[in-house]
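Visitor: One structure, pasted below without further comment.
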Amino acid sequence: MNSYEKLLQKASDEKIKVFESFDLNGDCEPAERLDGLYIDGNIALDKNISTDIEKSCILAEELGHHYTSYGNILDLDDVQSRKQEYRARMMGYDIKIGLSGIICAFERGVQSKAEMADYLDVTEEYLTAALDAYRKKYGKYISFENYTIFFEPYFAVYKAFEYFTD
């Protein structure tokens, strides 16, 4: 079962209906495109999303809306709408990647962003956006579960040394 299928199962388990071939855009300009939309326990994914990896990234954010959003937040000129969009996006990043996913990739010997995206089953663009969001949220680095993840001046993961004495 790939990560998209797992997220579909998660949605089903939580009684969220996912419509996978919805026309969300019609003749919209690219800047106005919607890839996914959450409304009252229903998620619509645009029919032009080409891969399961892309679908899983979008579905993760829409699940984030299920967990964190309320009301109509389509007007992103409204501060409260932007805050809810941010929370849902961060929830999506945590569902698909998370600090633990970064550490797992490190432990598996992943050496590049492309390899990490492959390992985490996300697009490189999604991974880049997530790492940037984590940098904004946590700052230059964060210590997590005996590891330190650096976001600046470059991305790196270090495992803390354990010292044993007799």
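Visitor: Give the residues of the stretch 85-99 that are hydroxyl-bearing (Ser, Thr, Tyr) and either open to solvent by less than 60 Å² (accessible area, probe 1.4 Å) or in contact with a Leu (Cβ under 9 Å, 6 or more places away or on another chain) (or both), sorted by residue number.
Guide: Tyr93
Visitor: Moving on. Just name the residue that is nearest to the chain's Cα centre (by Cα) out of those in the stretch 70-84 that are open to solvent by less than 30 Å² (accessible area, probe 1.4 Å) and touching a residue at least 12 places away in the same chain (Cβ under 8 Å).
Guide: Gln84
Visitor: Here's another thing I want to ask about it. If a residue must be more than 14 Å from Ala60 (Cβ to Cβ) and touching a Gly at 6+ places or on another chain (Cβ under 8 Å), how many such residues does the stretch 88-140 contain?
Guide: Qualifying residue count for the region: 0.
Visitor: Can you list the strands (runs of 3 or more DSSP E) lying wholly within the stretch 52-166 that have 2 or more residues being at pLDDT 95 or above and hydrophobic (A, V, I, L, M, F, W, C)?
Guide: Correct list: 147-150.
Visitor: Could you tell me which of the residues Asp77, Asp52, Asp46, Asp35 is farther than 27 Å from Glu124 by Cβ and not hydroxyl-bearing (Ser, Thr, Tyr)?
Guide: Among Asp77, Asp52, Asp46, Asp35, only Asp77 is farther than 27 Å from Glu124 by Cβ and not hydroxyl-bearing (Ser, Thr, Tyr).
Visitor: Which condition from (1) in contact with a Lys or Arg (Cβ under 7 Å, 6 or more places away or on another chain); (2) open to solvent by less than 60 Å² (accessible area, probe 1.4 Å); (3) of a type in the set (S, T, N, Q) is the one that Asn146 breaks?
Guide: (2)
Visitor: Which of the following residues is in contact with an Asp or Glu (Cβ under 8 Å, 6 or more places away or on another chain) and polar (S, T, N, Q): Ser112, Ser100, Ser50?
Guide: When all the criteria are applied, what remains is Ser100.
Visitor: Could you tell me whether the stretch 33-48 includes any residue that is in contact with a helix residue (DSSP H, G or I) (Cβ under 9 Å, 6 or more places away or on another chain), among the acidic types (Asp, Glu), assigned to a helix (DSSP H, G or I) and surrounded by 12 or more Cβ atoms within 10 Å (Cβ to Cβ)?
Guide: No; the residues of the stretch 33-48 include none that is in contact with a helix residue (DSSP H, G or I) (Cβ under 9 Å, 6 or more places away or on another chain), among the acidic types (Asp, Glu), assigned to a helix (DSSP H, G or I) and surrounded by 12 or more Cβ atoms within 10 Å (Cβ to Cβ).
The values are calculated or read from the model by the stated rules, or taken from the named source; none is laboratory data. As the structure is a prediction and not an experimental result, all values here were calculated from the model. In this analysis, Cβ positions are derived from the backbone assuming ideal geometry, glycine residues included, and neighbour counts consider all displayed protein chains. Side chains included, ligands, DNA and RNA excluded: accessible areas come from the protein's heavy atoms. Shrake-Rupley method; radii C 1.70, N 1.55, O 1.52, S 1.80 Å.
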